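To start, the structure itself, in structure tokens.
The values are calculated or read from the model by the stated rules, or taken from the named source; none is laboratory data. These numbers were taken from a predicted model, which means no experiment stands behind them. Every residue, glycine as well, gets a Cβ built from its backbone with ideal geometry; the counts of neighbours run over all protein chains shown. Accessible surface areas use protein heavy atoms only, side chains included; no ligands, DNA or RNA. Shrake-Rupley method; radii C 1.70, N 1.55, O 1.52, S 1.80 Å.
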Amino acid sequence: MTRYIIRRLLQTIPLLLIISVILFVLANKMGDPLASFGGRRRIRSDDRERLTRKLGLDKPILVQYAIWLVGNDWMRVDIDGDGIPDEYGTRKGVLRGDFGKSFMEKRPVLEIIRERVSNTLILMLTCEVVILIFSLLIGIYSALRQYSTLDYVFTAFSFIGYSMPIFWLALILMYIFAVNFKQWGLPYFPTIGMYDLAVGRTVGQIAWHMVLPVATISIMSVAGYSRYVRSQMLEVISQDYIRTAYAKGLPERMVIMGHALKNAALPLVTIVGMDLPLLLSGAVVTESIFAWPGMGRLFWSAAQDTDIPVLMGILVIISALVVIFQIITDITYTFLDPRIRYN
Amino acid sequence: MTTTEVSWEFFEEEIERPPLTPAQVAWRRFRCHKMALVGVGLLIAIFLYVIVGAFIYSEADANRTDLSITLSPPSRDHPLGTDGTGRCILARTIYGGQISVLIGLSAVIVSVTVGVLIGAISGYYGGHIDAILMRFTEAMFNIPQLFLLILLAKLLSGKIPTFKLLGRSFSGSVIVIIGVIGLTSWMYLARIVRANFLSLKEQEFVTAARCIGSRNFSIIFEHILPNSVAPIVVAATLGVASAIINEAYVSFLGLGVQPPTATWGNMLDQAYHHLDSEPWMWFFPGMLILLTVLGINFVGDGLRDALDPRALTQTE
Amino acid sequence: MSLKRLAWTTLLLATIASMFLAACAPATEPPGPPKTVTMTFFEEPDTFNAAYSGMWYAMLAYNIFNPGLWLWDNNLEPSLEMAAEFPTKENGLISEDGLTITIPLKEEAKWSDGEPVTAGDFVFTYEMILDPANTVQSTWPYADYLDSVTAQDDHMLVIKFGEPFAPWATTLFTFLMPEHVLRPVFEAEGTIDDAEWNRAGDVANGAFIVREWVAASHIILEANDNYWRGRPTIDEIYILIVPDDEAQMAAIKTGDTDIGIFLSYADIPTIEALEDVDVITVLSGYNESWFFNLNTDEDAAKNGHPALQDVRVRQAIAYAVDFDAICEELLFGGTYPPGTMWEETPYNYPDVNLYAYDPVMANSLLDDAGWVDSNDDGTRDKDGVELILTYSTTAGREVREQTQVVAQQYLADVGIGIEIANNSYDTMWNSYGDGGPIATGNYDIAEWSETTDFPDPNTSIFLCSEIPSDDVPVGGNWYGICDQEMDALFQAQALEMDPDKRIEQFHDIGKIMSDNVYWLGVWHDNDVWTINKRTSNIKISGGNPFWNCFEWDVSE
């Protein structure tokens, strides 16, 4: 097992390198970071020249990648633009944990990401829990009461939820539960932010502000997962051992909780692990609409500003997370299902 | 209860008749899948809407602005109302639908082509080619799709000029969007195809084909590929749905098809500021997206059940 | 026993001390809950050190806690901050040759930590901007026009120019760095790129101090007791970062925000229907503009449609499109087409030809110019060239795309074909050297909102020397306009220190630009703000919107 884990981890190194090269080239070609520097005004000619040089954007793309990867503190850098290298660079490179400085915010990328990661995790983990609970409940109910009215209702809703663009769902929820509820004099949900500044960052506030974004992200995923649980459950309850369990006189509740659920829920583990990237994508739009200060929104604003160090930082960290999550899911799976062995 | 009876009749019929080909079995199963039939019905209705509609409204109608009737609610002249520049929403949903469906289908063609090619080559040849291609696939797979969409859409925007096809002029951005969506959604398919090829290439019929001197090309495309059509069809069907949704996403993020060409996605985006004041602007394109995607998902679900190889072996 | 007594004594002393302290606390201490004004920012400031930012939202923020010599009030007059007097030739603070400006500073001005604001801070700021070790946003105009910045004494600043520089009042020292905070950082690290102050803003010379900045969420500023005017009326300013305009609208409606910034004209009718919110538009110097590609380069790829070279075609375009109707319907009557780039300022030429909608005139001008529809395909042509123009703007902005399709319709009516080819907003303005679509002439008509060094009228984007080429890869004159008479006027005004003469020069420029249709105004792009009626005394300025935040008030 240990050897398996080590081998998988070693395999991720070339994988992450490939990912980073692809992304670095894409990110560098997609826009002009200096264009956004000017804000409402166009950037002036000589400032553009100076900043291009200072940010190292005048170098060939592969050199830029090399510097991003291994830093430039071992080579001299031209600071005043006379073409003669003056001092050693200050960048250490990603391999030594230096993701560079944001072009826009002029401070270390890791610092920026660190501020956002926890916010995204709060949102995403809540979503995961909500998704798991609801998709299991709905899925199991639909399987046990197959072809009942509620089953059809759930099925219909899950397909509709699955077929809606997420931003549309977000806006509709926002307008019903925030704007219209207020107009009707009902208690209404906050539209933006993580907490009310006047109250402060309390658990209650965050939970209250989280309702609409979590609902937005969850509805879509619950739709997909509950269908999955339903079909898994249907398969499991037709198995012989379930029939045996019924036959020996166990009450339905026991059969479901003790035997069927465990086996039906297993594959969900893999799916949840695999869907982490999907959730993060959902976060890009949802976080922007609900002004949630997380990674998805950071990515979108960095993409708009072509803030390459931030983009690269987020993408590499997410890719690494995804790879690691996959390994963890695979390993968890062996614990949950003793039939599976890796060697 | 009724369903149980139906399935019994189904089996009785089957016992009496000569064995069916897998395709016939699939069709029978599909026919019995109520939601799939609803889906087919929905899709036919949508197709009629965007095609028959085009005989009633011309493309010029869809793009004609009229500043005297901006943002007017549904009326006799404009049954679905008008948008911010006085264009007829009905005509725009018809032509927008054509483009959205076109994008959905073409993007899937791109992703299926790339996915099948990479999956097939990787699975058939194995070894180093497999290792390299699969590392690449895995790398692309590990980057969330929306992130790739944003990067590619920004990279390619404005790079392709307007072109004429079948007497209509298309914004180059349509091609860009098709390419971008296609190139960010082939990875899943490549993996399925590869897995299929890995198991199929060891089977007797492949060995037989090799023995009689078939070339690799013909083995891949004439012998193995037809045997892995089922998962490809299912993935492609569902791919159309997600391509249509992705088009809406890209439009929403301001990277979509350029004006004046309508798509359901950019119509939704334009309605963004009119959520509570002019609901007809978002309701109709939104419903059309919803119904189309719903229809496709129903059909895909039906196909999945109908083409399930495990199910097939059971009936055979 | 004694321990217990000690504890009691301590407690007693502490109580007495705290009562004593409470009694001594300044009388300005707010009695009830703190008075707070909340506003929403669409974009988050990138940094609080103004030298490192070109961002408009960052400017809004640092104006509150880090004003420079003066801010521009709602009448676009200087409202003095650190300066004690505004220099003019009359008061003798500007030398006869216009090359030396002396600025006396307020003796009572202090940083929030109690250190006095001195001329040394300004000299330090100047040095930091020029030092190549600092990655500042812009060295303009300090590097280009200034010879020296010196401190005659602690409260007397002397600025010397190499050549006369007209827009000095709006461009120099709009902010200030605290030398006592940043000098040690600079000496230790060799640069102030990474100084904590750049993001902390905790040593301030404005009415407020930054208390908290939570990235992507909010900024809280609190009243500065050491502000030279005294403590401001309100206690706190909350800045919420809301990156979605629809979400901002929702916050305005629910009253979650008092000040809504940078709204779209399309939102005006909705907001006007709200009882407790005022809508105001503020002159900001911006005008939504049409530029024409008039390049006549050897490299034909850079040139626009040949028809555009004919002034009659450009005039026909101006007559053919009903810009008034666009403003009325697409912008809900919130604005109107401007005559020149200097609309609503003294520099605007008042008798300019506004090219009121006149399709008949447009048709006859095009006929005169020889562009007729000879092959009956609906578009005019000449010598086998169809009159189809490529019209480019930033993709994804609704009102621009609406304008495009409406203009497309108007121009089709006079036989001019339009192909729309938009660019994402960050590549749109790339330089010639970076292959920017506009800079390399990949358009016929381009649309965006343009301004000058507002409130100063200066701009360099119409100078012949700024036409981009392989030798001038970063030139800003992407339209290839080289009108000798206009060029001379633009060069002269930049050196003119007499305000009246400059106004005359700009009137001449405006006339030339309008007669030749070098530039066409689509709508006068004033900034739209909303202000909740629970606040009072908020006087938004187009120069420095929050110039009077020290006297804002709220009623509960």
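Going by accessible surface with a 1.4 Å probe and the largest first, C:H507, B:H274 read C:H507, B:H274. Take the Cβ atoms of B:L37 and A:Q239, set R0 to 25 Å, and the FRET efficiency comes out at 0.25.
Under 5 Å from the amide H of C:A84 lie the amide H atoms of C:L105, C:K106, each residue being 5 or more positions distant or on a separate chain, with H modelled from the backbone and absent for Pro and chain starts. Computing FRET efficiency as 1/(1 + (r/R0)^6) for B:S277 and B:D66, where r is the C-beta to C-beta distance and R0 is 25 Å, gives about 0.85.
From the Cα gyration tensor of chain B, with a ≥ b ≥ c the square roots of its eigenvalues, which class applies: rounded if a/c is under 1.5, or else prolate if a/b is larger than b/c, or else oblate? Because a/c hits 1.5 or more and a/b fails to exceed b/c, chain B counts as oblate. Here the peptides C:512-523, A:238-249 are ranked by packing, the mean other Cβ count within 10 Å, and the order with the highest first is C:512-523, A:238-249. Put simply, the amide H of C:I420, placed in the peptide plane, has neighbours under 5 Å in C:Y391, leaving out anything fewer than 5 places away on its chain. The mean sequence separation of alpha-carbon pairs under 8 Å and at least six residues apart, normalised by the residue count of chain A, gives a relative contact order of 24 percent. Counting Cβ atoms of other protein chains within 10 Å of each residue's Cβ and taking the mean over peptide B:250-261 gives 6.
When the alpha carbon coordinates of chain C are projected onto the principal axes, the ranges are 113, 55, 42 Å, largest first. Considering only C:P359, C:T88, C:A301, and ranking their Cα positions along the charge dipole of the protein assembly as shown that arises from unit charges at the beta-carbon of Lys, Arg, Asp and Glu, the one farthest toward the positive end is C:A301. Across all directions, the average flat footprint of the convex hull enclosing the Cα atoms of region C:287-525 is 12.8 nm².
Summarising the strand pairing of the protein assembly as shown, around 80 percent of its internal DSSP beta bridges are antiparallel.
Here the sum of -39500 (n - 2.57) over DSSP H runs of 4 or more residues, divided by the residues of chain A, equals -22000 deg cm²/dmol at 222 nm, to the nearest 500. Checking every one of the trypsin sites (Lys or Arg not before Pro) in region C:261-324 against DSSP loop status and a limit of 15 other Cβ atoms within 10 Å picks out no site at all. Of the whole protein surface, C:S95 contributes about 30 Å² of accessible area at a 1.4 Å probe radius. The Cα-based radius of gyration of region A:39-189, divided by its Kirkwood radius, gives an Rg/Rh of 1.24. Taking amide H as placed 1.01 Å from N in the peptide plane, B:F170 has its amide H under 5 Å from the amide H of B:F163, B:K164, B:L165, each at least 5 places away in sequence or on another chain. Shape analysis of the protein assembly as shown based on the Cα gyration tensor places the equivalent ellipsoid semi-axes at 55, 40, 30 Å, largest first.
Here the Karplus relation 6.51 cos²θ - 1.76 cosθ + 1.60, evaluated at θ = phi - 60°, turns the backbone of region C:214-222 into coupling constants of 9, 3, 6, 10, 6, 10, 10, 10, 10 Hz, with x for every Gly and Pro. By definition, a body whose alpha carbon gyration tensor gives a ≥ b ≥ c is oblate when a/c is 1.5 or more and a/b is not larger than b/c, and region C:494-556 fits this oblate description.
Express in % the proportion of alpha carbon pairs of region B:100-247 at distances exceeding 27 Å. Looking at region B:100-247, the distances longer than 27 Å represent 31 percent of pairs.
Our helix-only sum for chain C, with -39,500 (n - 2.57) per DSSP H run of n ≥ 4 divided by its residues, gives a mean residue ellipticity at 222 nm of -8500 deg cm²/dmol. Relative to the Cα centre, the charge distribution of region C:287-525, modelled as +1 at Lys and Arg Cβ and -1 at Asp and Glu Cβ, gives a dipole magnitude of about 100 debye. If you plug the beta carbon distance of B:L20 and C:E196 into 1/(1 + (r/R0)^6) with R0 = 56 Å, you get a FRET efficiency near 0.15. Computed on region C:163-294, the Cα convex hull volume stands at 241 Å³ per residue. Using every Cα-Cα pair within chain A, state what percent have a distance larger than 31 Å. Cα-Cα pairs in chain A separated by more than 31 Å: 50 percent. Applied to region A:108-119, the Karplus parametrisation 6.51 cos²θ - 1.76 cosθ + 1.60 on θ = phi - 60° returns per-residue 3J(HN,Hα) values of x, 4, 4, 4, 5, 5, 4, 4, 8, 3, 5, 5 Hz, with x for Gly and Pro. About its Cα centre, the dipole of region B:75-205 is roughly 480 debye, where the only charges are +1 on Lys and Arg Cβ and -1 on Asp and Glu Cβ. State the Cα centre-to-centre distance between region B:61-93 and region C:302-325 in whole Å. With region B:61-93 and region C:302-325 each reduced to a Cα centre, they are spaced 28 Å. Computed about its Cα centre, the charge dipole of chain C is approximately 2100 debye, with only Lys, Arg, Asp and Glu carrying charge at their Cβ. In a solvent-free Debye calculation with one equal scatterer on each Cα, what is log10 I(q)/I(0) for region A:100-170 at q = 0.28 Å⁻¹, listed in the order of the q values? Result of the Debye calculation: -1.14. With one equal scatterer per alpha carbon and no solvent term, the Debye-computed log10 I(q)/I(0) for region C:211-251 at 0.28 1/Å reads -0.91. Per-residue mean of foreign Cβ neighbours for B:59-69 is 3 (Cβ atoms of other chains, 10 Å radius).
Counting Cβ atoms of other protein chains within 10 Å of each Cβ in A:46-57 and taking the mean gives 4.
Packing, taken as the mean count of other beta carbons within 10 Å per residue, orders the peptides B:129-141, A:284-296, A:147-159 from highest to lowest as A:284-296, B:129-141, A:147-159. Evaluated at q = 0.16 Å⁻¹, a Debye calculation over the C-alpha positions of region C:356-457 (equal weights, vacuum) places log10 I(q)/I(0) at -0.83.
Averaging over all projection directions, the Cα-based convex hull of region A:182-268 occupies 9.1 nm² in the image plane.
Which stretch or stretches of region C:35-67 have amide N atoms under 20 Å from the point lying 7 Å from C:R229's Cα along the Cα→Cβ direction? Zone members listed by number: C:35-39, C:59-67.
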